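Chemist: Provided herewith is a single structure, encoded as structure tokens, for subsequent inquiry.
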Amino acid sequence: MYLDLHSHSVSSDDSRATVEQYVKWVQVLRNKRGCTIDGFVLTEHRKFDFDKDYSQLAAEYDVLIMKGSELDTRYGHVLVYGVTEALAKDIDLGDVKMDARELMKAARHHGAIAVPAHPGRFGIGLVDYMEQGETFPGLNMVERLNGGSRAGENERADTLCQEQNYLGTGGSDAHLASHLGACLTSFPTDVRDERQLVEALLAGDFTPVWLKDAK
Amino acid sequence: MPDQNGPFFEDIDMGDEIGPIELVATDENVSTFCELWGNPMPNRFTSQEIAEKSGLPGPIVPGVMSMAIMSQALTDWAGPESLKDLDLVFRQPIPHNKPLLISATVTDTREEDGENIIECDVLMMGEAGERYVGGIAIITLPSSGE
């Protein structure tokens, strides 16, 4: 199945897409462009929307809608899947100076998983920090394909994955409805909720793909 | 039939794309805009030195000018009184003298309070894929039957 692991709704301050617009856009991708997209994860900036329930919308449009976070750290942005109340109590989701290594450790402790986003982004991506000598022991996956990347940034992420033998995910980083699905992650197994998503990522059997290849 | 060259509501569908329209905001364009706008020069939009003091790599295109450019691209397509709302997020400074690509994608069509509404995602990008400005536009279009 094909899932977009990185998107932002109007719950994030810099997005203009509602979740309803996203599910409608999925119908355009499926019915007009012949693409396969089974669902997406709302990775809102510096927060997790515990109070939001999209199950009715998901059922109405037959789209899997999951929730996650994109947190700022001193070593770049990090996507977190499987966020729990315990994790949110343990770390300050809004702390933009947190250490990504501590976040990764806390995420695993609470059954979640933290994946550095757009590591090839010039100036703020993980690649820059690694070039400055920072190390991230235990890290084994990053976002390899990001739909919001400028020329050269996904290539840097690709090189990082090859050199470090990292696994790679794909996500659109959509802030507008029509950007959803630009990049996806292909899983050979079914994922039905956030817990299963974490399991599938930990299993390591997935591939980042461009939308044109999700057919 | 109405006397107009723009599209009709019935011609538009979700997923339709407008553009990209390519243009360049030159030093001269920005100076002219600042003059008309009444923004005293030199300023960070026209002076390399002042821009650098503001932490910018060089003079930038004013946000209100980029909004005007995007508005014009949309009204050139849909007609002069078609644009009802434009809600933009400015994500990166926009440089002078570099190609700017403006595009829109229709994300919804509906009839609302007797009007034919088109909702679009709009984007101003650089040639290397930089997303300078993004947002949504609400446009009204005439019906072919009006």
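What follows is calculated from the coordinates using simple rules that are stated; it is not laboratory data. This one's a predicted model, so the numbers in the text were calculated from it and none came from an experiment. Cβ coordinates were reconstructed from backbone atoms using ideal geometry, including for glycine residues, and neighbour counts include every protein chain displayed.
Chemist: Largest first and in whole Å, what are the equivalent-ellipsoid semi-axes of region A:118-195 based on the Cα gyration tensor, each being the root of 5 times an eigenvalue?
Modeler: Numbers: eigenvalues 102, 59, 21 Å².
With the √(5λ) rule applied to region A:118-195, the semi-axes are 23, 17, 10 Å.
Chemist: Okay, moving on. How big is region A:2-213 along each principal axis, measuring the range of its Cα positions in Å and listing the largest first?
Modeler: Sorted from largest, the Cα extents of region A:2-213 read 47, 37, 32 Å.
Chemist: If you don't mind, another one. I'd like the Karplus ³J(HN,Hα) series for region B:73-83: coefficients 6.51, -1.76, 1.60, θ = phi - 60°, whole numbers in Hz, and an x wherever there's a Gly or Pro.
Modeler: In residue order, the calculated couplings are 4, 6, 6, 4, 7, 9, x, x, 10, 8, 7 Hz.
Chemist: Using DSSP to define loop residues, name the chymotrypsin sites (Phe, Trp or Tyr not before Pro) in region A:31-103 whose beta-carbon has at most 13 other beta-carbon atoms within 10 Å. Don't skip to the answer; put the middle values down first.
Modeler: Working: sites: A:40, A:48, A:50, A:54, A:61, A:75, A:81; in loops: A:48, A:50, A:54, A:75.
Those that pass, being in a loop and sparsely packed, are A:50.
Chemist: Which one of A:135, A:9, A:35 has its Cα pushed farthest toward the positive end of the charge dipole of region A:2-213, where Lys and Arg give +1 and Asp and Glu give -1 at the Cβ?
Modeler: A:35
Chemist: State, to one decimal in nm, how far the label point of residue A:92 lies from the label point of residue A:31, with both points 7 Å from Cα in the Cβ direction.
Modeler: Here the modelled spin labels are 4.7 nm apart.
Chemist: Give me the one-decimal nm value for the distance between modelled label points at residue A:10 and residue A:205, 7 Å along each residue's Cα-to-Cβ direction.
Modeler: 4.0 nm
Chemist: Given a cut-off of 28 Å, name the pairs among A:67/A:89; A:97/B:98; A:97/B:53; A:67/A:97; A:105/A:215; A:32/A:52 whose C-alpha atoms lie farther apart than that in the structure shown.
Modeler: A:97/B:98; A:105/A:215; A:32/A:52
Chemist: Something else: Let me know the mean shielding of A:173-181 by other chains, meaning the per-residue number of their Cβ atoms within 10 Å of its Cβ. Before the final figure, lay out each step's value.
Modeler: Values: counts 1, 1, 7, 11, 8, 13, 5, 0, 0.
Mean inter-chain Cβ contacts per residue within 10 Å come to 5.
Chemist: Projected onto the charge dipole of region A:2-213 (+1 at Lys/Arg Cβ, -1 at Asp/Glu Cβ, origin at the Cα centre), which of A:100, A:208, A:124 gives the Cα projection farthest towards the positive end?
Modeler: Of the listed residues, the answer is A:208.
Chemist: Compare the Cα positions of B:73, B:89, B:40 along the charge dipole of chain B (+1 at Cβ of Lys, Arg; -1 at Cβ of Asp, Glu; about the Cα centre) and return the one farthest towards the positive end.
Modeler: B:40
Chemist: Please identify the trypsin sites (Lys or Arg not before Pro) of region A:2-50 that satisfy two criteria: DSSP loop assignment and at most 13 other Cβ atoms within 10 Å. Which are they?
Modeler: Those that pass, being in a loop and sparsely packed, are A:32.
Chemist: Region B:27-121: percent of C-alpha pairs farther apart than 21 Å?
Modeler: Working: 1953 of 4465 pairs.
Value for region B:27-121 (Cα pairs over 21 Å): 44 percent.
Chemist: Bins of 10 Å, beginning at zero and ending with the bin holding the largest distance: percent of Cα pairs per bin for the protein assembly as shown, please.
Modeler: Bins of 10 Å from zero give 5, 23, 30, 24, 14, 4, 0 percent of pairs.
Chemist: Another question, if that's okay. Between residue A:135 and residue A:162, how many nm apart are label points set 7 Å from Cα along the C-beta direction?
Modeler: 2.4 nm
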